[in-house]
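Okay, so here's the structure we're looking at.
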Amino acid sequence: MVHLLETDAPQSPLLKEALKALDIDAGHVPQDRMRLANARCQSCEHSDACFSWLAGFDGAQDYHWFCPNAQLFDGLAKAA
């Protein structure tokens, strides 16, 4: 079986912090979804917006406006 996403890719620090900020336990996220989220995060062009959101800066956009994982995060939060 060929995997499109590397299973041993290091986890993006921003993904780790986003999961923590949204109170999503990474240990309960299926591996295929975690790999997808990590790949999206590592290739995302909005890391500045993400950092601002995570840091709680005034005027920071809600992650729904820039994060390619927003829908996934919302689904995981509802499932928890």
Being surrounded by 15 or more Cβ atoms within 10 Å (Cβ to Cβ) and over 13 Å from Q11 (Cβ atoms) is the filter here, so list the residues in segment 25-46 that pass it. C44, H46
Residue ID - modelled with the highest pLDDT, chosen from residues in segment 1-56 that are assigned to a loop (DSSP other than H, G, I, E, B) and touching a Phe, Trp or Tyr at 6+ places or on another chain (Cβ under 6 Å): H46
Would you pick out the residues in segment 51-69 that are polar (S, T, N, Q) and either closer than 14 Å to K16 by Cβ or surrounded by fewer than 16 Cβ atoms within 10 Å (Cβ to Cβ) (or both)? Q61, N69
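The values are calculated or read from the model by the stated rules, or taken from the named source; none is laboratory data. As the structure is a prediction and not an experimental result, all values here were calculated from the model. Using ideal geometry, Cβ is built from the backbone for each residue, glycine included, and neighbour counts are taken over all protein chains shown.
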